[in-house]
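*Asks:* Pasting in a structure now, in structure tokens, and then I'll have a few things to ask.
Each value in this text was obtained by applying a stated rule to the coordinates, not by laboratory testing. In this text, all values refer to a predicted model and were calculated from it rather than measured experimentally. Don't worry about glycine lacking a Cβ; one is built from the backbone with ideal geometry, like all the others, and counts go over all protein chains shown.
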Amino acid sequence: MPVLGTGDSGFESRRPDSMSLEQSKIELAEVGNELEKERQLRITHKAIEAIKENPAELGVGVSAFVTTFEDKDDVAFCLKQYRPTLRAENRPFNNLAREMHMMEEARRAGVRTPLPFFTIEIEHENAEGDAGSNLVSYLGMERIFGYTLDQVVVGKRELPENFDLERFMESLRDQVRRAHEQNLYHRDLHNGNLMIDWKTGNPVVIDWGQSRICFSHDDNPYEDPSWANTARREPYLDDDKSLRAYEIELKRHLGLIG
């Protein structure tokens, strides 16, 4: 897994005044082929330039902002930025580098999730970074053109014309099964983390910030080893139960159940 300093990567141009790119660290994700590698590098360069701009906000979660960038060259990608001051104390999160590795594992298992491109830590002036430092972490990834069930239910978006509930749920259950076969558990499959691709009508699983790989059959995937010495803890979401709840919500929205 290459870790690049900005001096090694050609990121010297257009340095933002409020950042020290010389102090940044970039880690590139493993991608499948030369075409994806070329796309990865192009987007990584674009991201360095774009971080200082005002992107369109896609969503705000418990611990992160997700923003999107597009330009005249049709380069579209998302940046996830951690909000350290809002990190939950009762359910530990993966840092962004680990989340990127979880996304790689999920894709290898056959899960449709955004293609990760890189993580980067950049020193900002007056930033609220991890452990009180000025380092802010970003995760760059493919932008998914689709909607979450939350957006559909509240009426902000419509289901695609080609949406097939039975095919959609069968694909989603199969993807989760494939992940579990590799001992990978998402643990946060709520309505906001399951997307519907608006072109294909297929499911896309996003946000691996609370995911975990279990290395033992005796290990409970929905608990955390760090809980042994802490009084504050909250169980993670059970993947299979979450899918059943998701299917009920879709059926209710489609008028198939009361």
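*Asks:* In what sequence do Thr200, Thr119 fall when counting other Cβ within 10 Å, fewest first?
*Replies:* Fewest-to-most ranking of Thr200, Thr119: Thr200, Thr119.
*Asks:* What distance in nm separates the two pseudo spin-label positions at Tyr222 and Ala76, each 7 Å out from Cα along the beta-carbon direction?
*Replies:* 3.5
*Asks:* Report, in listed order, any pair from Lys199/Lys251; Lys156/Lys199; Lys37/Lys156 with a Cα-Cα distance greater than 24 Å. Could the numbers behind the result be given before it?
*Replies:* Working: Lys199/Lys251 21 Å; Lys156/Lys199 17 Å; Lys37/Lys156 35 Å.
Exceeds cut-off: Lys37/Lys156.
*Asks:* In nanometres, what is the gap between the two model label sites at Arg167 and Asn95, each 7 Å from Cα along Cα-to-Cβ?
*Replies:* Computed distance between label sites Arg167 and Asn95 equals 4.3 nm.
*Asks:* Follow-up. Can you tell me the FRET efficiency between Lys251 and Asn33 if r is taken as the Cβ-Cβ distance and R0 is 41 Å, rounded to the nearest 0.05? Show your work: numbers first, answer last.
*Replies:* Values: r = 39 Å, r/R0 = 0.94.
The pair Lys251/Asn33 has a calculated efficiency of 0.60.
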